[in-house]
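Below is one structure; the comments refer to it alone.
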Amino acid sequence: MQRPRLAAAAIAAVLAPPLAAQVLTAPGPVPQVTVTGTPLGSSLFELAVPASSLESPALQFRGATTLGETVNTLPGVSSSYFGPNASRPVIRGLDGDRIRILQNGVGSLDASSLSFDHATAVEPIAVDRIEVVRGPAALLYGGSAVGGVVNVIDRRIPTRRIAGINGALEARVGGAEREGALAASLDAGNGRFAIHADVHGRRTRDLIIPGLQRSQFDRENGVAPPYCNGTEPAGRACNSSSRGEGASLGGGLTWDHGHAGMSFTQLRSHYGTVVEPTVRIGMRSDTWNLASEVRELGTLLNTLRVKFAHTDYQHTEFDDGAAQTTFKNRGHEARAELTHRAIGPFSAGAVGVQLGRSDFSAIGTETLIPETRSRADALFVYEEITAGALTLSLGGRYERASVRSAGGGPNEADPTLPLFGAPRYGGAQTRVFNLASGSIGAVYRLAPAYALAANLAYSERAPTYYELYANGPHAATGAYEVGNAAFAKETSTSLDVALRYRNGGTSFSVGAFRNRFRDFISLAASGRQKDENGDPALVGSETFNEFVYRQVPAVFQGFEAEGRTTVLSRPGATLVVDARADYVHATNKATGEPIPRVAPLRTAVGLTWFSGAWTVRGELQAAASQRRVPQSQSERQTGEYALVNLHAGYRFSLGGTRAFAFARLTNLGNATARLATSQLREIVPLGGRALAAGVRLEF
């Protein structure tokens, strides 16, 4: 029975103080972490918007093969989970283009938001820190950050003086993915000029799962499983193996008040898609980055930051080894921020500009999106006012975005109408959107240890190229997707409030949010079926369920809680308890139905024992059943589950090298867990019971 364990976890999450930052560090004052939510560089406690941070050793304990699975234990963050190889973060029920994935503060360019089976061009084993902003960050990063931001940070461009040589080596084996991974990095410098190099490689085998791959519902209703070698998968997920490798080289100048440098990064991967036993995806991404920061500019101006990234991304989908469709996305993003000191009523502030370009194309059997060109240019301003215990933050952003189709896309004013026989593709067309976003936030110190934070934001987002121009079959999801070139911009208004406490090694944060969309763009089943040419499906032809993008009013609301406290302390040993909980309630206000693929109530409680060089942790993660599903979409409910995980780490020295050995036993009870946020909930569960181990050496 899983219900008693779920109830226990829920009670513990309410009673125990939640964790302010998801970092497994020894007890003591909660670290002051600079986060992505403001250009002024504030700590988690001082931000008006809710944020979290993951870094070593938490990345070793929680590290996964995908970005989505790495961060899905943070409050309010789940994952789209398309098997072990493709997973994007889902924040507060929002996914896709509403979650901005950054690398060192600049947009990461790939095709992962287009489809759930497309992996992000991010390798978690090669990063130093991950910062997550929950809630609208459109002010700083554009409308595609209306749901939040995940910023992946590395040190490929040196930002501080390096004298001598230092580096790291990390190896991992095991886990439900039966992973073998190795990563190495090296930094060298003479105190002024520094270089960085890193390489990594990863191999996984088919994912270990509890029991049969298909859900009981599918088996009882005769839904054919994705057979591997003629048999129904049991104990492993069919076609879920992967391999990948990457390398990076960077360098630059560093001085007392700044740095300037560049880097080049290559990423390659080849992985299977669990929904299609014979289909694999080969991905490559080449990225050039330039970054510079100059501090202490004068009595009025403080810091100038300039960043630029150019990415050439491509992935090809193979069926039985034959290339079917190649997706390409090439473009760049440039960003500059200038911060200032006190001016009049403003204690500090920043102005910035952001420029972005991308060219997308899909060539082959699944050209559901025509060739498109997207542009976005923006100006933004951010100011803070400090008056005693109150800090106000004010900001605004103006953005001009355009999305041009080179020829193709739906040629229907309303694609929800069954205009079979009408031309499916139109000529070249361009949509231009003028977007404005603004926010006002406040942090009020009720007492030295307490703070009340609130943030009110208005955001506008331009429809993406696939929401406007999609019109074709997508075998990976079994859908014929149809966009609408006449869409208006998507607008939303959100409110966040939170109470925070921080005193020594104890901290907590409890908050609530509400995000109201006037014209939320959703992908919904029309109830019709089409063949691969877009005509009504005939008996004996390959059939696709038609899914149509529509704009509907929608509301997302919920709560989040996190924190930790020391429950036992004696010389040389400390016991820390932490807990977290989150919930999202999302509704299509036009129909009253729930929004699809939203996580249910989730809770977790953990105990961490620190004793000398040892860190030992036990954690219970639980999710309630998700019964709020849209009946019109034939989306099925998910059951509750509870996962027990154990972690152990040991720090030691090895020939003058700092070392950290770690092991983790996941899903100790071998529970079957199917995520409500996954489109493949009936096809593949999370991994079963598995042991993983690794070691990290630093010198």
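The values are calculated or read from the model by the stated rules, or taken from the named source; none is laboratory data. The model shown is predicted, which means the values in this text are computed figures rather than measured ones. Methodologically, a virtual Cβ is constructed for each residue, glycine included, from the backbone with ideal geometry; neighbour enumeration extends over all protein chains shown. Just the protein is used for accessible areas: all its heavy atoms, side chains included, with ligands, DNA and RNA removed. Shrake-Rupley method; radii C 1.70, N 1.55, O 1.52, S 1.80 Å.
For (1) open to solvent by 50 Å² or more (accessible area, probe 1.4 Å); (2) over 28 Å from Asp319 (Cα atoms); (3) at pLDDT 95 or above; (4) within 30 Å of the chain's Cα centre (by Cα), each residue gets a yes or a no:
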| position | (1), (2), (3), (4) |
| --- | --- |
| Asn411 | yes, yes, no, no |
| Pro415 | no, yes, no, no |
| Tyr425 | yes, no, no, no |
| Ala428 | yes, yes, no, no |
| Asn434 | yes, yes, yes, yes |
| Glu467 | no, no, no, yes |
| Ala470 | no, no, no, yes |
| Pro473 | no, no, no, yes |
| Thr477 | no, no, no, yes |
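Could you list, in sequence order, the residues of the range 246-268 that are of a type outside the set (A, V, I, L, M, F, W, C) and buried (at least 17 other Cβ atoms within 10 Å of the Cβ)?
Gly246, Ser248, Gly250, Gly251, Gly252, Thr254, Gly258, His259, Gly261, Ser263, Thr265
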Thr506 β-branched (Val, Ile, Thr) and under 22 Å from Arg98 (Cβ atoms): no
Criterion (at pLDDT below 95, buried (at least 16 other Cβ atoms within 10 Å of the Cβ) and small (Gly, Ala, Ser)) met by exactly one of Ala168, Ala188: Ala168
Any pair with Cβ under 6 angstrom, 6 or more apart, that starts in the range 633-654 at a residue that is over 30 Å from Ser522 (Cα atoms) and ends at one that is outside any strand (DSSP E or B) and open to solvent by 40 Å² or more (accessible area, probe 1.4 Å): Ala642/Gln2; Ala642/Arg5; Val644/Leu668; Val644/Gly669
Verdict on Gly244 being part of a strand (DSSP E or B), in contact (Cβ under 8 Å) with a residue 12 or more places away in the chain, closer than 22 Å to Leu109 by Cβ and not hydrophobic (A, V, I, L, M, F, W, C): yes
Among (1) closer than 30 Å to Glu276 by Cα; (2) of a type in the set (Ser, Thr, Tyr); (3) in contact with a strand residue (DSSP E or B) (Cβ under 7 Å, 6 or more places away or on another chain); (4) in contact (Cβ under 8 Å) with a residue 60 or more places away in the chain - the single one Ser678 does not satisfy: (3)
Filter result for Gln213 (modelled with pLDDT under 90 and of a type outside the set (A, V, I, L, M)): yes
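Conditions (1) touching a Phe, Trp or Tyr at 6+ places or on another chain (Cβ under 8 Å); (2) assigned to a strand (DSSP E or B), marked per residue:
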site: Ala442; (1), (2): no, yes
site: Leu452; (1), (2): yes, yes
site: Leu456; (1), (2): no, yes
site: Ala488; (1), (2): no, no
site: Thr491; (1), (2): yes, yes
site: Tyr501; (1), (2): yes, yes
site: Leu523; (1), (2): yes, yes
site: Gly527; (1), (2): no, yes
Some residue of the range 34-48 being on the phi > 0 side of the Ramachandran plot, out of contact with any helix residue (DSSP H, G or I) (no Cβ under 6 Å at 6 or more places or on another chain), modelled with pLDDT of 90 or more and open to solvent by 10 Å² or more (accessible area, probe 1.4 Å): no
Selected residue [of a type outside the set (S, T, N, Q), assigned to a strand (DSSP E or B) and open to solvent by less than 10 Å² (accessible area, probe 1.4 Å)] from His200, His196: His196
Criterion (touching a helix residue (DSSP H, G or I) at 6+ places or on another chain (Cβ under 8 Å), among the basic types (Lys, Arg), open to solvent by less than 20 Å² (accessible area, probe 1.4 Å) and farther than 18 Å from Thr265 by Cβ) met by exactly one of Arg88, Arg98: Arg98
Any hit, the range 545-565, residues being surrounded by fewer than 22 Cβ atoms within 10 Å (Cβ to Cβ) and among the hydroxyl-bearing types (Ser, Thr, Tyr): yes
Subset of the range 171-188 [out of contact with any helix residue (DSSP H, G or I) (no Cβ under 6 Å at 6 or more places or on another chain), assigned to a strand (DSSP E or B) and within 22 Å of Leu207 (Cβ to Cβ)]: Ala171, Arg172, Val173, Gly174, Glu179, Gly180, Leu182
